[in-house]
Amino acid sequence: LPSPIPWSLTQPVTPDLLVSPSSQDGDLGSECPEDRGNWTGRLDFLLSCIGYCVGLGNVWRFPYRAYTNGGGAFLVPYFIMLAICGIPIFFMELSLGQFSSLGPLAVWKISPLFKGVGMGTILIVSLVAIYYNMIIAYVLFYLFASLTSDLPWQHCGNWWNTDLCLDHHVLKAGNGSLPVNLSNTVSPSEEYWSRYVLHIQGSSGIGDPGRIRWNLCLCLLLSWTIVYLCILKGVKSSGKVVYFTATFPYLILLMLLIRGVTLEGAWKGIQFYLTPQFDHLLSSKVWIEAALQIFYSLGVGFGGLLTFASYNTFHQNIYRDTFIVTLGNAVTSILAGFAIFSVLGYMSQELGVPVNQVAKAGPGLAFVVYPQAMTMLPLSPFWSFLFFFMLLTLGLDSQFAFMETIVTAVTDEFPYYLRPKKASFSAVICIALFLMGLILTTEGGMYWLVLLDDYSAGFGLMVVVITTCLVVTRVYGMKRFCRDIHMMLGFKPGPYFRACWMVLSPATMMALLVYNIVKYQPSEYGSYRFPTWAEVLGILMGVLSCLMIPMGMVVALLQEEGTLWERVQQASRPAMDWGPSLEENRTGVYVASLAGSQSPKPLMVHMRKYGGITSYENTAIEVDREMEEEDDEESM
């Protein structure tokens, strides 16, 4: 029998010129750089950004910062700082990433002289990723400890408890009221955290780490394994995981909020959290605290936003996404404050002490105060499990971003060698960071975690963001940058963005940097003061990321020819292949500047693909015309 004719050959073939955009497969995918990979769904990018920005800081830093800096009045400087340096820098990072489709190192083709900024970013992110995953390991430890009928930090009388341990359950049962003076006593949850989980009594300080706590070590290994499995296929896998990790915390937060506000005494805590003290607004400290909260909460400067945007299609509306993510992040922080302080109000009523005696920030809130409050509720293991599961999902998607930033930055530098082996390279990075983090699982590991937390992303990160802002607006040029955004989104940024990028954002961050240096305070953990050598080590961590900038400059200058000034000028200019990654998106100055470029006019590629001129091609024509007019003016 003759072999049947393949089905595909029996179909009529439509010439490429006659194909309409609607009949092509995946009209979104047609714009994507194939070998690099892109988001596979429309919400992947938005949810990844929300998951990255909404992290542990929203729950354990914002509510405490608000109540110590004027309660409800704190929202005034908070939203002003969001408008001045939060939203503009956020939009700038997304624009850089999306326009170039490059990671935080390769994006410096925009001005190769400043490639050291990208190196500094990678160093900061690597240090943060080491200790951030240790916090996730603590969360996992508590999550497993909650799988019991009786929470282990509920009562005194365990082998890790001391004579100072005071069990409020026993006292309530005994005489129905508690003594007001609790200053010389310790709660069971505090002793569980410091003496059982950390076993900090086995270490005399940061120079004496003691033995590895194997249960913590296994939790750290598990957290790195989870992170690796989720970033295994880059944004294709992590982009799907965030559908759960970015949305589920909101469900739990809502449950904790409803439970919190229905408790007796909850109003006392909420009053404490939100009562405005407007006299605080006259203090510079409050404004600085608001700017710091915005700065760290949105995750600008860590390269995560730039990395995520680099996987977008060229015309994705990042302008809209900027406002959704930044305002959503602010609202989440405020909601988290209600969930936390309603429970603290109930707890202060139960213990018979003022709210300010039970309120804490950071790990103290997550691992001591809130777990203790959970023991006072009916079904305490259930609420405890929910709280730690929320912290786990909040932490994980921020960690995905840190890892994706490191992997993307290096693979974009060596695409031919590393891109095909991205999964293996991700494994190497995860193993290396896990091994570096082993010191955090020792009995004195908490001291190292505090040191990393205080110094790894301090003034170094601010220097990186200030430099990025100045290079884009002064060296690359505000006019050029706005033209790039016009080419990409179809409109130019308004006067608000231009004023912030040129003056307001850099000036605010300079003030932050100066304030941080002037008001420098040595690290401490409880009553423990860090030795001088540890302080110096911490400062070196911050300085090293800043030193990457001059080191990068030296390397860039050595690669150029001519006098020193000529080298500086050449290294400051964008690289030949700087611009959109796809030929069809390159218009004006970017035409035919890609290696191996064939097309004299990318517009023709568009017309062939879409059978006509779309709004973006109109924009391209406008941009070209503007540039020709500018050139004519300059020549005259």
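The values are calculated or read from the model by the stated rules, or taken from the named source; none is laboratory data. Since this is a predicted model, take the numbers as computed values, not measurements. Positions of Cβ are backbone-derived with ideal geometry, glycine not excepted, and every protein chain shown enters the neighbour counts. The area values use the complete protein model at the heavy-atom level, side chains included, leaving out ligands, DNA and RNA. Shrake-Rupley method; radii C 1.70, N 1.55, O 1.52, S 1.80 Å.
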Exactly one of 164, 147, 140, 127 is closer than 24 Å to residue 389 by Cβ, open to solvent by 20 Å² or more (accessible area, probe 1.4 Å) and not charged (D, E, K, R), and that residue is 147
Take residue 99 and decide whether it is hydrophobic (A, V, I, L, M, F, W, C), open to solvent by less than 20 Å² (accessible area, probe 1.4 Å) and over 18 Å from the mean Cα position of the chain (by Cα).
yes
Looking at this structure, is residue 424 among the polar types (S, T, N, Q) and touching a residue at least 40 places away in the same chain (Cβ under 8 Å)?
no
Region 42-77: number of residues that are within 30 Å of residue 579 (Cα to Cα) and in contact with a helix residue (DSSP H, G or I) (Cβ under 7 Å, 6 or more places away or on another chain)
10
Hey, which of the helices (runs of 4 or more DSSP H) in region 369-450, taking only ones fully inside, have at least 1 residues that are open to solvent by less than 30 Å² (accessible area, probe 1.4 Å) and closer than 16 Å to residue 126 by Cα?
380-413, 422-436
Among the candidates 89, 80, 122, which residue alone is of a type in the set (A, V, I, L, M), within 27 Å of residue 304 (Cα to Cα), buried (at least 24 other Cβ atoms within 10 Å of the Cβ) and touching a helix residue (DSSP H, G or I) at 6+ places or on another chain (Cβ under 8 Å)?
89
Residue 538 fails exactly one of the following numbered conditions: (1) closer than 26 Å to residue 292 by Cβ; (2) assigned to a helix (DSSP H, G or I); (3) of a type outside the set (Val, Ile, Thr); (4) open to solvent by 30 Å² or more (accessible area, probe 1.4 Å). What is the number of that condition?
(4)
When you go through 573, 608, 567, 529 one by one, which is the residue that is modelled with pLDDT under 90, open to solvent by 60 Å² or more (accessible area, probe 1.4 Å) and more than 29 Å from the chain's Cα centre (by Cα)?
608
Sole exception among (1) in contact with a Leu (Cβ under 9 Å, 6 or more places away or on another chain); (2) farther than 30 Å from residue 260 by Cβ for residue 418, by number:
(1)
Any residue in region 260-276 that is touching a Cys at 6+ places or on another chain (Cβ under 6 Å) and buried (at least 18 other Cβ atoms within 10 Å of the Cβ)?
no
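Please state which one of 470, 504, 461 is open to solvent by less than 10 Å² (accessible area, probe 1.4 Å) and within 20 Å of residue 298 (Cα to Cα).
Working: 470 fails: open to solvent by less than 10 Å² (accessible area, probe 1.4 Å); 504 fails: open to solvent by less than 10 Å² (accessible area, probe 1.4 Å).
The match here is 461.
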Please indicate, with yes or no, whether at least one residue in region 468-489 is part of a helix (DSSP H, G or I), within 22 Å of residue 590 (Cβ to Cβ), polar (S, T, N, Q) and touching a residue at least 40 places away in the same chain (Cβ under 8 Å).
yes
Given the criterion touching a Lys or Arg at 6+ places or on another chain (Cβ under 7 Å), in a helix (DSSP H, G or I) and in contact (Cβ under 8 Å) with a residue 40 or more places away in the chain, identify the matching residue among 512, 557, 544.
557
When residues of region 278-295 are limited to those that are surrounded by fewer than 17 Cβ atoms within 10 Å (Cβ to Cβ) and touching a helix residue (DSSP H, G or I) at 6+ places or on another chain (Cβ under 8 Å), the one farthest from residue 106 (Cα to Cα):
278
Okay, helices (runs of 4 or more DSSP H) sitting entirely in region 59-161 with 3 or more residues that are closer than 30 Å to residue 443 by Cβ and not polar (S, T, N, Q), I get 115-145
Return the residues of region 301-340 that are surrounded by 19 or more Cβ atoms within 10 Å (Cβ to Cβ), of a type in the set (Val, Ile, Thr) and under 12 Å from residue 90 (Cα atoms); say none if nothing qualifies.
318, 322, 325, 326
Sort out which residues of region 567-582 are touching a residue at least 24 places away in the same chain (Cβ under 8 Å) and in a helix (DSSP H, G or I), and write them in order of number.
568, 571, 572
